[in-house]
Amino acid sequence: MKKVIRQSVIVLFLILCHCVTYAQNGHNSELFNRDWKFHRGDLDTSKREFTSTEWRAVELPHDWSNEGPFSQEWASGTAFAPAGIGWYRKKFRPTLNGDKQTFIYFDGVYNNSEVWINGHKLGKRPSGFVSFQYELTRYLKPNADNELLVRVDHSEFADSRWYTGSGIYRNVYLITANRIHIGLWGVAFTTPIANASNADAKVNVSLVNNSEMPADLTVKCSLIDSRGGIVGTSNKILKIHQGDTLATNLEFNIKTPRLWSLERPDLYQLIVTVTTGGKVVDEWRDRVGIRDIHFDANEGFFLNGKNMKIKGVCIHDDAGVLGVAVPKEVWYRRLKILKSAGVNAVRMSHNPHADYFYDLCDELGILVMDESFDEWEGAKNIWIKGWNQGKPGKDGYHEYFKDWGLRDMGDMVLRDRNHPSIIMWSIGNEIDYPGDPYVDSTRANSLHPSVARLGEVSRLLVNTVKKFDSSRVVTAALAGVEQSNKTTYPSNLDIVGYNYQENRYQKDHELYPRRIIFGSENSKQLYAWTAVENNKFISGLFVWTGIDFLGEAHKWPDRSSGTGLLNMAGFPKAEYYFRQSLWLDEPMINIGTADVPDARNQDPYPKQGQSSWNYTVGDRKRVYCYTNCPEAELFLNGVSLGKKRLADFENRVIRWDVDYQPGELMVKGYTKDGKTITHMLKTTKAAYAITVEADQVPVTDQKAIVKQITINVVDKNGLTVPNSDNEITVNVSGPAKLLGLESGALDSMDDYRSHSKKVLNGKLLAYIKYKGNSGPVKVTVKSPGLKSKAIVIIDFIK
């Protein structure tokens, strides 16, 4: 009998249209991401004309590190990805008006960026995480091409403990404003009093007069609800002199406000207008929320008067093959999946993230711990050959902290302060790690500062935060609490984060009864959560991590850390379902299987459970059941293997040891109200076909639509084959392109731009980006020996 090899073809049509331009809040702001050129490597800046062969076209955001090639010559801490120097170039013809000012705004460039306009240097910004702006006005040429140049110097490739990427990896905006305008990040909205019946709002507006004359201004603010009604307004008349800046406060009251909460994240639109002589010279719009946050040393955290536990996860800002140039739709999908696990908070580890990320948290009802630094004035160990392997590097942000630290701290707060999702500002992560770099004063030297500096520096950072926002608490994630307790560092903070130090909660609560304590970074093990659950005074925790991330890798060829509840493709792992069982209120149940552990490891960490029932007859397998139901019963091919009580298992994971037989493994959960829920694993047959499913993520930018397509290898019954490792090839034609294929494999060193990749656990995620022209997009998915009939039509026309 001849062996028949079939090649499957799946066609996915995306019907797309050319739609409106996106604009950022404030003034006249144009998204400025298109028509850039990029050169990898350094250039001779004395040359004013560059040959076209030196440059290639790119669209921002752009991360050149994820383009490879990956090599052991680079650092494990940053995913063995290349760094170096790169240049960006853009020519444009702005509409100039003598009464206007023009600015260029970068949400993030990693790192050591320098910017020129028409040969004039505008400035340098070492940090790769903060946003910044330069004025272009005086250097612009009318009716002629103007040239922006950006040099990015990431020569110190081992300068971070996680993957940072390289390049202009966030959005860029061209901003035009009148000479009298609201300053950069110049509106602050707070609600000193907020409850269900009444809210007092305060709006601080910073004004700039760059005209040659003084001006009488009317500043007016209006708060608009979701139905378009004005629920609060205030105005003020004032005078501003030429060349001056001026800040003013406006206050108003809102009756029966719709409070922002986790369940109902209601948002309002705040509009601030500035007029002079009856003419509007500036208008600022943004979404804001009304909510009350409160921390108590004995009672924990309160949102709108309701006591609750913070159920958080730490996240880095990469997305596997996409690097750190991550489209908004990708994070929307990821956050929705995390929230479905009961997650209600995220910690921005360990830097401010892209501007749109906070918008998503506002919209979805997710609390945020916004974090600024992983280093202050001393160097940390940066692993190059593998985590805790060999000699570490010492490059990093500490080289710039003395000159830039306070400014970067303040700019993070200014940019982000109007987001209702943000409940705390973190001034640093594990800055106090014992010996890395701070030491006892008797052993201090140029490389290892005295621990006393922790108190001195933290006081400066806290004061900087309070200067720009006193409505939220200031914290830090402490790794060496015992050491830090000998300094003023903890007392400088409003609330104190403990990293992996649950054993100190009770002791320090007694020693420092006024200290507010929470878990700022914690293991996924049960004891870390019970330390929160059983201690009313602990506000909550942030599990390390929500999603696997690039960097902090072990030896080559590992590229990433596997500590997430989700893998890098955003597919749930066993830990995800365990977390659901701890954090969800509604009933849930899930089973996973693994080898029976030996006698020394009878209660293994739940990450061992796999969603598979494909083994060899007679194998002894352990079945793990993650559930919040009081009881669960396991069935194999319809035969009960026993009902068990959750309360009988100290690790809150019910288990059975089962002799494998092919067929159907089903668990039935019995809820408190007498209902039942089920979850099932089935033995699959050989891989037979491919299926695809496109996400239903809302389109946020009609010119930059990204669709995420889940690809499954299935058997003849349509079941995902969990042990399949087929190589999938994806081709795209029409006005779209493939951004990358992500399996979630920790050791995948394939070209991130490749059109082919092996599935992991039978799954693969494809990122397809629309180029902006109208017309159909054909996506073909194939694999040798597999077949499919799937054709999906997606209509983006709204």
Fill in: Single residue of ALA144, ALA199 found to be aliphatic (A, V, I, L, M) and either within 21 Å of ARG417 (Cβ to Cβ) or in contact with a strand residue (DSSP E or B) (Cβ under 6 Å, 6 or more places away or on another chain) (or both)
ALA199
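Mind checking which strands (runs of 3 or more DSSP E) fall wholly inside the stretch 737-782 and carry at least 2 residues that are in contact (Cβ under 8 Å) with a residue 40 or more places away in the chain?
Where strands (runs of 3 or more DSSP E) fall fully within the stretch 737-782 and carry at least 2 residues being in contact (Cβ under 8 Å) with a residue 40 or more places away in the chain, they are 763-770, 775-782.
Among the residues of the stretch 75-91, are any under 13 Å from LEU174 (Cα atoms), buried (at least 16 other Cβ atoms within 10 Å of the Cβ) and in contact (Cβ under 8 Å) with a residue 12 or more places away in the chain? Write out each step before concluding.
In the first step, residues of the stretch 75-91 are kept if they are under 13 Å from LEU174 (Cα atoms); the result is 90-91.
Checking the rest, the ones that are also buried (at least 16 other Cβ atoms within 10 Å of the Cβ) come to 90.
The next check asks that each one be in contact (Cβ under 8 Å) with a residue 12 or more places away in the chain; those that pass are 90.
Within the stretch 75-91, one or more residues are under 13 Å from LEU174 (Cα atoms), buried (at least 16 other Cβ atoms within 10 Å of the Cβ) and in contact (Cβ under 8 Å) with a residue 12 or more places away in the chain.
Table: residues versus (1) farther than 21 Å from SER29 by Cβ; (2) among the small types (Gly, Ala, Ser); (3) surrounded by 19 or more Cβ atoms within 10 Å (Cβ to Cβ).
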position: GLY165; (1), (2), (3): yes, yes, yes
position: ASN195; (1), (2), (3): yes, no, no
position: GLU212; (1), (2), (3): yes, no, no
position: SER226; (1), (2), (3): yes, yes, no
position: ILE237; (1), (2), (3): yes, no, no
position: ILE240; (1), (2), (3): yes, no, yes
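From the list THR233, THR248, which residue is open to solvent by 30 Å² or more (accessible area, probe 1.4 Å), at pLDDT 95 or above, of a type in the set (S, T, N, Q) and in a strand (DSSP E or B)?
Working: THR248 fails: open to solvent by 30 Å² or more (accessible area, probe 1.4 Å).
The unique qualifying residue is THR233.
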Practice prompt. Hey, could you check the stretch 536-584 for residues that are free of Cβ contacts under 8 Å to residues at least 60 places away in the same chain and among the charged types (D, E, K, R) and say which is surrounded by the fewest Cβ atoms within 10 Å (Cβ to Cβ)?
Written response: GLU575
Discussion item. Looking at the stretch 393-403, can you tell me whether even one residue there is surrounded by fewer than 23 Cβ atoms within 10 Å (Cβ to Cβ), under 30 Å from TYR268 (Cβ atoms) and either modelled with pLDDT of 95 or more or under 23 Å from the mean Cα position of the chain (by Cα) (or both)?
Written reply: no
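Would the stretch 433-443 turn up any residue that is assigned to a loop (DSSP other than H, G, I, E, B), open to solvent by less than 20 Å² (accessible area, probe 1.4 Å) and either on the phi < 0 side of the Ramachandran plot or out of contact with any Phe, Trp or Tyr (no Cβ under 6 Å at 6 or more places or on another chain) (or both)?
Going through the stretch 433-443, the residues assigned to a loop (DSSP other than H, G, I, E, B) turn out to be 433-438, 440.
This time we only want the ones that are open to solvent by less than 20 Å² (accessible area, probe 1.4 Å), so: 437-438.
Imposing the further condition that a residue be either on the phi < 0 side of the Ramachandran plot or out of contact with any Phe, Trp or Tyr (no Cβ under 6 Å at 6 or more places or on another chain) (or both) reduces the set to 437-438.
Yes, the conditions are met somewhere in the stretch 433-443.
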Worksheet item: For ILE382, are the conditions met, namely being at pLDDT 95 or above and within 24 Å of the chain's Cα centre (by Cα)?
Response: no
Discussion item. Residue pairs, Cβ under 7 Å, 6 or more apart or interchain, first in the stretch 363-384 and under 14 Å from TRP162 (Cβ atoms), second open to solvent by 20 Å² or more (accessible area, probe 1.4 Å) and acidic (Asp, Glu). List them.
Written reply: LYS380/ASP436; ASN381/ASP436; ILE382/ASP395
Worksheet item: Which of the following residues is in contact (Cβ under 8 Å) with a residue 12 or more places away in the chain, more than 18 Å from ASP292 (Cα to Cα), touching a Leu at 6+ places or on another chain (Cβ under 7 Å) and not small (Gly, Ala, Ser): LEU223, LEU217?
Response: LEU217
Worksheet item: Within the stretch 306-325, is there a residue that is open to solvent by less than 10 Å² (accessible area, probe 1.4 Å), acidic (Asp, Glu) and either within 21 Å of SER426 (Cβ to Cβ) or without any contact (Cβ under 8 Å) to a residue 40 or more places away in the chain (or both)?
Response: yes
Worksheet, complete the sentence: Scanning the stretch 326-351 for residues that are open to solvent by 10 Å² or more (accessible area, probe 1.4 Å) and touching a Lys or Arg at 6+ places or on another chain (Cβ under 6 Å), the one farthest from LEU565 (Cα to Cα) turns out to be ASN344
Discussion item. For the structure I just gave you, tell me whether PRO698 is open to solvent by 40 Å² or more (accessible area, probe 1.4 Å) and either among the polar types (S, T, N, Q) or over 35 Å from the mean Cα position of the chain (by Cα) (or both).
Written reply: no
Worksheet item: Does ALA354 satisfy the condition of being open to solvent by 10 Å² or more (accessible area, probe 1.4 Å), in contact with a His (Cβ under 9 Å, 6 or more places away or on another chain) and under 30 Å from MET749 (Cβ atoms)?
Response: no
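Within the group TRP383, TRP376, TRP425, which residue is open to solvent by 10 Å² or more (accessible area, probe 1.4 Å) and of a type in the set (Phe, Trp, Tyr)?
Values: TRP376 fails: open to solvent by 10 Å² or more (accessible area, probe 1.4 Å); TRP425 fails: open to solvent by 10 Å² or more (accessible area, probe 1.4 Å).
Only one candidate qualifies: TRP383.
Under the condition of being touching a residue at least 60 places away in the same chain (Cβ under 8 Å) and closer than 17 Å to ASP153 by Cα, which residue from the stretch 108-124 is nearest to the chain's Cα centre (by Cα)? Reasoning before the result, please.
Taking the stretch 108-124 first, the residues touching a residue at least 60 places away in the same chain (Cβ under 8 Å) are 108-110, 119.
With the extra rule that they be closer than 17 Å to ASP153 by Cα, the set shrinks to 108-110.
Details: GLY108: 14, VAL109: 16, TYR110: 16 Å.
Looking at the filtered set, the residue picked out is GLY108.
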Worksheet, complete the sentence: Checked the stretch 606-623 for anything within 28 Å of ASP585 (Cα to Cα), assigned to a strand (DSSP E or B) and open to solvent by 40 Å² or more (accessible area, probe 1.4 Å); matches are GLN610
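Of everything in the stretch 93-110 that's in a loop (DSSP other than H, G, I, E, B) and open to solvent by 10 Å² or more (accessible area, probe 1.4 Å), which residue is farthest from THR45 (Cα to Cα)? Spell out the reasoning first.
Looking only at the stretch 93-110, we keep the residues that are in a loop (DSSP other than H, G, I, E, B), and these are 93-99, 107-109.
Of the ones still in play, those that are also open to solvent by 10 Å² or more (accessible area, probe 1.4 Å) are 93-99.
On the way: ARG93: 22, PRO94: 24, THR95: 28, LEU96: 27, ASN97: 30, GLY98: 30, ASP99: 33 Å.
Here the residue is ASP99.
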Discussion item. Here is a list: LEU174, LEU149, LEU184. Which entry is among the aliphatic types (A, V, I, L, M), open to solvent by 30 Å² or more (accessible area, probe 1.4 Å), part of a strand (DSSP E or B) and touching a residue at least 40 places away in the same chain (Cβ under 8 Å)?
Written reply: LEU184
Practice prompt. Please specify each residue of the stretch 471-516 satisfying the condition of being free of Cβ contacts under 8 Å to residues at least 60 places away in the same chain, of a type in the set (A, V, I, L, M), open to solvent by 10 Å² or more (accessible area, probe 1.4 Å) and more than 14 Å from ASP432 (Cβ to Cβ).
Written response: LEU511
Worksheet item: Could we say that LYS668 is open to solvent by 40 Å² or more (accessible area, probe 1.4 Å) and more than 33 Å from the chain's Cα centre (by Cα) here?
Response: yes
Worksheet entry | Residue ID - farthest from ARG170 (Cα to Cα), chosen from residues in the stretch 111-124 that are outside any loop (DSSP other than H, G, I, E, B) and open to solvent by 10 Å² or more (accessible area, probe 1.4 Å) | HIS120
Worksheet item: Among the residues of the stretch 125-146, how many are within 23 Å of ALA325 (Cβ to Cβ), part of a loop (DSSP other than H, G, I, E, B) and either over 23 Å from the mean Cα position of the chain (by Cα) or of a type in the set (A, V, I, L, M, F, W, C) (or both)?
Response: 2
Item to complete: Go through the stretch 352-382 residue by residue and tally those that are assigned to a helix (DSSP H, G or I) and not hydrophobic (A, V, I, L, M, F, W, C).
Response: 6
Discussion item. Go through (1) within 24 Å of the chain's Cα centre (by Cα); (2) open to solvent by less than 10 Å² (accessible area, probe 1.4 Å) for VAL777 and report which single condition fails.
Written reply: (1)
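The values are calculated or read from the model by the stated rules, or taken from the named source; none is laboratory data. All values derive from a computational prediction rather than experimental measurement. Here Cβ is always computed from backbone atoms with ideal geometry, including for glycine, and neighbour counts include all displayed protein chains. We work out accessible area using only protein heavy atoms, side chains counted, and drop any ligands, DNA or RNA first. Shrake-Rupley method; radii C 1.70, N 1.55, O 1.52, S 1.80 Å.
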